[in-house]
Amino acid sequence: MLEAVISNTLRKLGLIWWNLEQTVGSRILHGILGDLKCTLETLQVLAPNGEKARVTDRFPTLWVEDVKSLCYLVDDLLDQWEIDDINGRHRQSYLLSRLCFGCHGSRYVIYGKLKELNDSLILLTQDAKSVGITAGVVNEPFDSCRLTSSLFDPDKVVGREMEKRALVNMLVKHTHHDNPSEAVHQPCPVIISIVGYVGIGKTMLAKLVYSDPVIAHHFELRIWVCVSEKFEEMSIAKSIIQQVLPVDSRGGGLGSSGILPELARRIAGKRFLLVLDDVWEEDPNKWNSIIAALKHGSQQSRVLVTTRNQIAARSLNSNQIFRLPELPPHDCWMLFARFAFARWGSFEGCAYQERDVRAVEKTCRGVPLIAETLGGIVSCRRSGDSYIGFSSFDLWGLEDILNFLWPTYYHIPPALKLCFAYCAVLPSGFQIPDDKLMKLWMAQGYLDLESSDEDAEVVGERYIQNLLMRSLLRVVAKEGDQGGHVSKGCRELEMPEAIHDFAKVCAASECCSVHDPDHYDISPLVSHLVIDPSQALHLSIVDWAPCPQASDSIQRCKRLRSLLVQSKRSSGGGVLVRRLQSLFTQLTLLRSLDLTDCTFKKLPSSIGNLLLLRLLILSSNKDLEELPEEICELSNLLTFEANWCESLKMLPKGIGKWVSLRHLGYFLESRKAYLPRGIRKLSCLRTLTTFSVGNHDESASLADLGNLNKLRGNFCINGLGDVADVSEAREAQLHEKKAIVALELNFEREVKEGNQVNNDELLIEALQPQLDLVELTVKGYKGRQIFPSWLVMLHSLRKISLLLCDDCESLPPLGKLPCLEELDICYMPRVATVGPEFLGMEVDGLAAESSSASSAVAFPMLKQLTITNMLNWTEWRDWSETAVVFTKLRTLSLGDCPNLKALPEKLLRKASLEEVELHMCPLLEKRYVFCANIAHILKIKGFSKLHNGNRWSYRQNISDLGKPAQIAVLEVQIGSERETNDHADNGN
């Protein structure tokens, strides 16, 4: 990680050095920074060999650690320099102080310290040669170019049968066509990539598939090529040719220019399976010639790729990605046993104990490579002719695991190495929102912006995606996710346990996760490291219990940059919270401080000492009543969150000093969270999830949003019904906030109705958002019509929710929105009729008949329509035969519409409609639940109280390829455990 640390320090130094070039009277500072820059660039050249020599020989370890320590000290001084700049921009004497020596008084001190650090770094460059570190060609510490073949020992394979069957089906799928023209548009060859992190068993799975009898029978040619890290186009082509040609004519005389044409000729028209094992190359251009040659094969040919990197898979334009999961714990034990007990022939007669099984399963982390390695270690240990229990062995130094992991680490960019290693501070098995992880990286200054115009959040998202692609992070799959796909900003991320262990190795003594005061939870993979908490830079504390020694040990971590506490509420925050005053005095280098759920009532004023702090999270401290004004001195703050702090009345008045703040979280569950008027000065703000309009002088008004034009993501405005001055809505300038994608306008009132004028129709007109909005929610609106002029201009809108709009008499013309996919309408008691105006086709008469109206498509993309609590809705008018409406509607859900008599017939005839759900709509259920005329609808659900008041009915209508529809009626007795199912055939 040395190279990454130096690169990060150089990046910061370069920005300051460039700024000083533009400043009058700063030659002295410019000179020392220039000298320091040259020294660091020299060390950067030495760093790769130094880091790799450290891994293999251990001799240069002290040299590497010394360089890193000095770089961190330089980094601290540069951050203090930045704080001076930020504070100086807001002082009247700033211009004068820049003209006089180009710095404030504190910069004299910084200048002297930087000069001393540069001298020390120069000495280290001179010492490098004496510890065997030289510049030049970087020597690989491990042989990452492992050679593989399709051969394997079936006795050493456990599990993966389900994955093998899935892959075999994917490879032979759609290769038989009754009509050859069906295959015309199929890509040739189809490329399927097995993606998973190192040691997970990708190559073994490929071998199982390659040797499967179905595959052997199906493909004329089967070819296995080990690509490995060093990509050579001609070598790959030669390997393929050698396996295609007979043994006595392997084409050894072919020149480089004739290899690819010969490859294309030899496979022309043949159905082949090509396995490209261990692919690393990420440049798609390098694959173009080989793929072009492979296209001469049969249309039914397949290429199977194994790679630990989805970026490499994409470089081959993979048609399908097969993500390989961990091996189940029992299979890990079985695999371990086959290697460990090989000397005894079987493990049935060995005196292993259940604790051995549990220990192996826990240590293997679902990684077959670890199971094999542990088994090999055990098999080499002898005690006469008997088996020694697993727990008796020292299995702490698994260098074979590291041999496979280091190449993956070396292939990622320097800034990404820092982000990866930082994950070691998080506890094993962590799950963390992607935006929080990005904010933690940002607080440490790890995000390398390519230009001043680039957003750090965009870079952070790119880093996360890069680690996901390389299988170093993964998205937590949750129930209801479509194929694991979750939008950015909503994902929970986790790190495979074996990879997390390796992150601890990379971070060395810099990151530490503590579960109790006396025990460091260190994996066997990293036990060779001695963790000295006084040397730690990043510390996370999980389930901290009261203990004076614990907080004392934290105070000794003078270099600490991250302190992340996950406290047990039952412990009341422990001694740690009671010693915050002294902690904030000692830990002045903190960049990240997370005190979530620590149950303290008040922050000490010494929080103002943490001038380098960039992230402060105080969420879920329900007893926190106030924040000291000293907290406003943290001008370097980028992220502040105090969500669910129900006793916190308001943020400090001086938050306008947080001029660098990008993310502000202040959401309360029980009441509105008001912000002070200083919010108007936070022009860098990107995230402000909720803004509540205040009705007193100290709280921010709607107009205070005017300068916050960098807001992004989701944004909610509460209390709009209490706004008396419409001009405030215009001053908010929502249309200038181009990065907001989801907007909620909440008109629910706090002031009683009789005390104010209803301005909702004027307000909503003035609150025009940016026109690329994706999601819109309007709640508690009291106007008679929800039809601001800008509504039909939202051509990118995909979802709209209209909730609790009591006084609305008609629905807006939402059919005009071309991209709308989901529509939710709830509680509009004054709406009695829905007609063509809802479709955006309103003309005189009952339906649109003119050619101009009928040529338009209403709701062209709508897939889901939900309408509930429409108590006085009696009629839904049909539309003309020529109108094109609801072409993609799949689900219609109606609830609590007791007076609605019928649905439009043309709606029920829609071929796209798959499901209709009726809840508390007795007239509709009586009409449709057992109606045979709409048998094409796959599901019709009706849930209504029956005459006895304690039953519900459910009916499912399924039509299957012309067979008689099957009606299944399920009755559930409320309050009873008994359920009965009655099945009857309909149509016989």
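The residues of segment 290-314 that are among the hydroxyl-bearing types (Ser, Thr, Tyr) and buried (at least 21 other Cβ atoms within 10 Å of the Cβ), listed by number, are Ser301, Thr306, Thr307. Among the residues making up segment 552-594, those that are at pLDDT 80 or above and among the charged types (D, E, K, R) are Arg559, Arg561, Arg591, Asp594. Once segment 124-140 is narrowed to residues that are surrounded by 11 or more Cβ atoms within 10 Å (Cβ to Cβ) and at pLDDT 85 or above, the residue that is nearest to Leu70 (Cα to Cα) is Leu124. Checking each residue in segment 468-493 for being more than 21 Å from Ala371 (Cβ to Cβ), in a strand (DSSP E or B) and at pLDDT 75 or above picks out Val475, Glu492, Leu493.
Scanning segment 246-269 for residues that are modelled with pLDDT of 80 or more and charged (D, E, K, R), we see that the one that is least open to solvent (accessible area, probe 1.4 Å) is Glu262.
Among the residues of segment 31-50, are any touching a Gly at 6+ places or on another chain (Cβ under 6 Å), modelled with pLDDT under 80 and assigned to a helix (DSSP H, G or I)? Looking for residues that are touching a Gly at 6+ places or on another chain (Cβ under 6 Å), modelled with pLDDT under 80 and assigned to a helix (DSSP H, G or I), one finds none in segment 31-50, hence no. Where residues in segment 1-20 are of a type in the set (A, V, I, L, M) and either under 31 Å from the mean Cα position of the chain (by Cα) or at pLDDT 80 or above (or both), which of them is farthest from Thr61 (Cα to Cα)? Only one residue fits best here, namely Leu15.
To keep it simple, each residue is scored yes or no on (1) over 44 Å from the mean Cα position of the chain (by Cα); (2) at pLDDT 95 or above; (3) aliphatic (A, V, I, L, M).
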site: Pro818; (1), (2), (3): no, no, no
site: Glu822; (1), (2), (3): no, yes, no
site: Ile825; (1), (2), (3): no, yes, yes
site: Gly835; (1), (2), (3): no, no, no
site: Gly840; (1), (2), (3): no, no, no
site: Gly845; (1), (2), (3): yes, no, no
site: Ala848; (1), (2), (3): yes, no, yes
site: Ser851; (1), (2), (3): yes, no, no
site: Ser855; (1), (2), (3): no, no, no
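When the criteria are applied in full, Ile786 fails the requirement of being closer than 26 Å to Leu685 by Cα and in contact (Cβ under 8 Å) with a residue 12 or more places away in the chain. Looking across segment 589-627 at every residue that is among the hydrophobic types (A, V, I, L, M, F, W, C) and open to solvent by 20 Å² or more (accessible area, probe 1.4 Å), the one that is farthest from Ser69 (Cα to Cα) is identified as Leu611.
Here the condition is being out of contact with any strand residue (DSSP E or B) (no Cβ under 8 Å at 6 or more places or on another chain), over 25 Å from Leu711 (Cα atoms) and among the hydroxyl-bearing types (Ser, Thr, Tyr); of Ser660, Ser606, it holds for Ser606 alone.
The C-beta contact set for segment 442-465 (first residue under 14 Å from Leu418 (Cβ atoms), second residue in a loop (DSSP other than H, G, I, E, B) and of a type in the set (Phe, Trp, Tyr), distance under 9 angstrom, 6+ apart or interchain) comprises Gly460/Tyr446; Tyr463/Tyr446.
Applying the criterion of being small (Gly, Ala, Ser) and at pLDDT below 90 to the residues of segment 680-699, the residue that is farthest from Glu748 (Cα to Cα) is Ser699.
What's the total number of residues in segment 662-689 that are open to solvent by less than 20 Å² (accessible area, probe 1.4 Å) and either small (Gly, Ala, Ser) or more than 14 Å from Phe640 (Cβ to Cβ) (or both)? The total comes to 4. When Gln733 is tested against (1) within 21 Å of Val774 (Cβ to Cβ); (2) open to solvent by less than 10 Å² (accessible area, probe 1.4 Å), just one condition goes unmet, and that condition is (2). Pairs linking a residue in segment 500-513 that is within 12 Å of Ser540 (Cβ to Cβ) and without any contact (Cβ under 8 Å) to a residue 24 or more places away in the chain to a residue that is in a helix (DSSP H, G or I) and open to solvent by 10 Å² or more (accessible area, probe 1.4 Å), with Cβ atoms under 8 Å and 6 or more positions apart or on different chains, do not occur. Total residues in segment 860-914 satisfying the condition of being of a type in the set (Phe, Trp, Tyr) and not in a loop (DSSP other than H, G, I, E, B): the figure is 1.
Taking Ser451 and the conditions (1) at pLDDT 85 or above; (2) under 30 Å from Leu10 (Cα atoms); (3) surrounded by fewer than 22 Cβ atoms within 10 Å (Cβ to Cβ), which numbered condition does it fall short on, given that it satisfies the others? Checking Ser451 against (1) at pLDDT 85 or above; (2) under 30 Å from Leu10 (Cα atoms); (3) surrounded by fewer than 22 Cβ atoms within 10 Å (Cβ to Cβ), the one that fails is (1). Of the residues making up segment 744-770, those that are in a loop (DSSP other than H, G, I, E, B), over 19 Å from Leu803 (Cβ atoms) and either touching a Lys or Arg at 6+ places or on another chain (Cβ under 7 Å) or modelled with pLDDT under 95 (or both) number 6.
Asp400 satisfies every condition listed in (1) modelled with pLDDT of 75 or more; (2) surrounded by fewer than 18 Cβ atoms within 10 Å (Cβ to Cβ) except (1).
Conditions tested, residue by residue: (1) within 34 Å of the chain's Cα centre (by Cα); (2) closer than 23 Å to Ser660 by Cα; (3) open to solvent by less than 10 Å² (accessible area, probe 1.4 Å).
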position: Ala700; (1), (2), (3): yes, yes, yes
position: Cys716; (1), (2), (3): yes, yes, no
position: Lys738; (1), (2), (3): yes, yes, no
position: Gln768; (1), (2), (3): yes, no, no
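The values are calculated or read from the model by the stated rules, or taken from the named source; none is laboratory data. Keep in mind that this is a model prediction, so the values were computed, not measured. Note that each Cβ is placed from the backbone with ideal geometry, even for glycine, and that neighbours are counted across all protein chains shown. Heavy atoms of the whole protein, side chains included, go into the accessibility calculation; ligands, DNA and RNA do not. Shrake-Rupley method; radii C 1.70, N 1.55, O 1.52, S 1.80 Å.
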